[in-house]
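Below: one structure, written as structure tokens.
The values are calculated or read from the model by the stated rules, or taken from the named source; none is laboratory data. This one's a predicted model, so the numbers in the text were calculated from it and none came from an experiment. Positions of Cβ are backbone-derived with ideal geometry, glycine not excepted, and every protein chain shown enters the neighbour counts.
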Amino acid sequence: MKIIARIFLMFSITILLVSCSKRGGDNAGDQSLMDRNDTIKHAYMTIKSNDPDAVRKNVYLNLDSFDAAVVSENWSEHGAGYNSGSLTIEVPSSQFLGLVEWLRKEYRVSSMSLSAREQNRHDAAEGNVANGIAYSEIYLNVKRTFGFGGSFVLGLFYAGEALKLSLQTITPVVFFLLPYAVFIIMVTFLAKFIKRKVNDRKK
């Protein structure tokens, strides 16, 4: 009985070790998707900067170092030169992590998420794979930050815009009421003049 018990115990331990080893191998495979050059990766990054336009120019200047290119972008003006926007960058999967790391070192990244997946049969048609090279994308959102001086200037700008809007609203009203005001003033002046003449005759 002891021999059978020992055999059963050894068999159970062997099965447990094999199961753990396989599970560990699967996890390692999942993690290596980000390191492989043939997978499709995506990064969503938010950068905060007091000069988004300088960020845009610097990114464009360094794209060639990673064989990357901007495939779309969107920027919005907020007056007085302040702006924010976003860039979608296409980069070979082999250069993906290098570009992400460069962005992290170069700027203040407030949020970031990464994902990776195996290729599928639609990737070639969608442009994710071309000439045997896998391509990944980085969605870069750039937000403007304001110091005290910038906030003060921006406040002045919006105050000026509000004053301009107020004047645009008031001016038509003034021109509409002006004839009535002139008429009332003339009637009042005429009434006082007549009253004075009547009083002079009584004297």
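Any residue at all in segment 128-144 that's at pLDDT 70 or above and more than 30 Å from E90 (Cβ to Cβ)?
Scanning segment 128-144 turns up no residue that is at pLDDT 70 or above and more than 30 Å from E90 (Cβ to Cβ).
Could you tell me which residue of segment 58-117 is farthest from I40 (Cα to Cα), considering only residues that are basic (K, R) and either in contact with a helix residue (DSSP H, G or I) (Cβ under 7 Å, 6 or more places away or on another chain) or in a strand (DSSP E or B) (or both)?
R108
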